[in-house]
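Student: Take this structure first; my questions come after.
Coordinate-derived values only; no laboratory data. If you're wondering where the values come from, they're calculated on a predicted model, not measured in any experiment. Here the Cβ positions follow ideal geometry from the backbone for every residue, glycine too, while neighbour counts run over all protein chains shown.
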Amino acid sequence: MQPPATLPSIPETPETPEIVDCGEFDEATMNLFLAPGPNPYQDTEEFLFDCEMRADEMPRFVRRSLLEFQVRSNSDGILLIRGLPIDPGLYRIPTPPNAERSPQKTTFVSERCLAMIGSRLGHLVSYIQEKNGDLFQNLAPVKGTEHVQVSTGSQTRLQFHRETVFHPYPPEFLLLFCLRPDHDHMAETTYASVAHALPLLSEAHQDLLFQPLYRTGIDYSFGNRDRTQQSDRILPVLYGRRNDPFLNYDEDLMTATTPEAEEALAALREAIAQVYRGIKLDTGDLLCIDNRRTVHGRSSFVPRYDGRDRWLQRSFVVRDLGLSAVDRLPGERIIRTAFE
């Protein structure tokens, strides 16, 4: 059964996600983000330590919201932080056409926002297969990938997925910081939490989804260009507490190992289609996603490739660096797990 190319329209009056409004920061707080510091690409560890120390001085309401999200999450599995500062002169810098690091962006305010917010949730990491292991990854439409299920796609809906569900060390939180929205302000970051989808599933389907009956493909960005490479791990889709589970799910790449399990997977796909919501991110918005509880995607949009297209930066956060230590070099944050 192929997943639908489109989804039902988002309700006209969606539930409001939890929002932290930083638009009224005073000058001292703004300077925490704006004041120069170490270079994140040349002195990575010093940059991260500096950002963690700065984060200690953020207003209490910001730190409290992030602490609660880290410990308890919420029913949506997302936290939207609005009104963060951006790099001075960013409006003059074109969106990178190859979605790589921009040589014209020589200040690091957006990276500092990601690192400071991320430090309240855990520790930033990256994966060697994506963006050469950059901790701060640029997401932008790239010509030739308009209809591919990757972050550089645009004119096809990016299907719902948990980030790197196939990986032994997936991030527990995903951070998306908007530097520039799309021209038409049509692109939505879509999300659906297991808390909202679970009540729509029958007990029988839940029983199947809690069993290790599912396999997922390796992401395109990890080298699976012909989309045939499968993980050798057999996973349950739901795991943890029965009435408040975590979620392994990839709409595009996950398959079931039995017909009954496939029926349960199809039921979950339908439930997600009924409960999902969308957010149109604007400049200065940072979206925190609980990657254990909430799957995400993106609506389609039309890029113009004129240097003003949609531009996000992404970072991954884990709570325990020790888990991936065997696949990292000493003193670095890049996870180097190999996939044949």
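Student: Give the label of the value calculated from the structure for Rg/Rh (Cα atoms, Kirkwood Rh), choosing from (1) 1.13; (2) 1.07; (3) 0.94.
Tutor: (3)
Student: Tell me the volume per residue, in Å³, of the convex hull enclosing the alpha carbons of region 132-272.
Tutor: 134 Å³
Student: Determine the gain in length on full extension of the stretch R72-E46; use 0.36 nm per residue of separation and subtract their C-alpha separation, reporting nm with one decimal.
Tutor: Difference between extended and current length: 6.4 nm.
Student: Right, another one. Rounded if a/c is under 1.5, else prolate if a/b beats b/c, else oblate: with a ≥ b ≥ c from the C-alpha gyration tensor eigenvalues square-rooted, which is region 240-296?
Tutor: It comes out prolate by the Cα gyration axes.
Student: Looking at region 23-136 from every direction and averaging, what is the projected area of its Cα convex hull in nm²?
Tutor: So the Cα hull casts an average projection of 8.2 nm².
Student: Let me ask something else. Could you give the length gained on full extension between E262 and N243, defined as 0.36 nm per residue of separation minus the Cα-Cα distance, in nm?
Tutor: Using 0.36 nm per residue and subtracting the Cα-Cα distance, I get 4.7 nm.
Student: Compute the length gained on full extension between E332 and R304: take 0.36 nm times their separation in residues and subtract their Cα-Cα distance, giving the result in nm to one decimal.
Tutor: Length gained, E332 through R304: 6.4 nm.
Student: Label-point separation (nm) for E270 and E18, each offset 7 Å from Cα along Cα-to-Cβ?
Tutor: 3.2 nm
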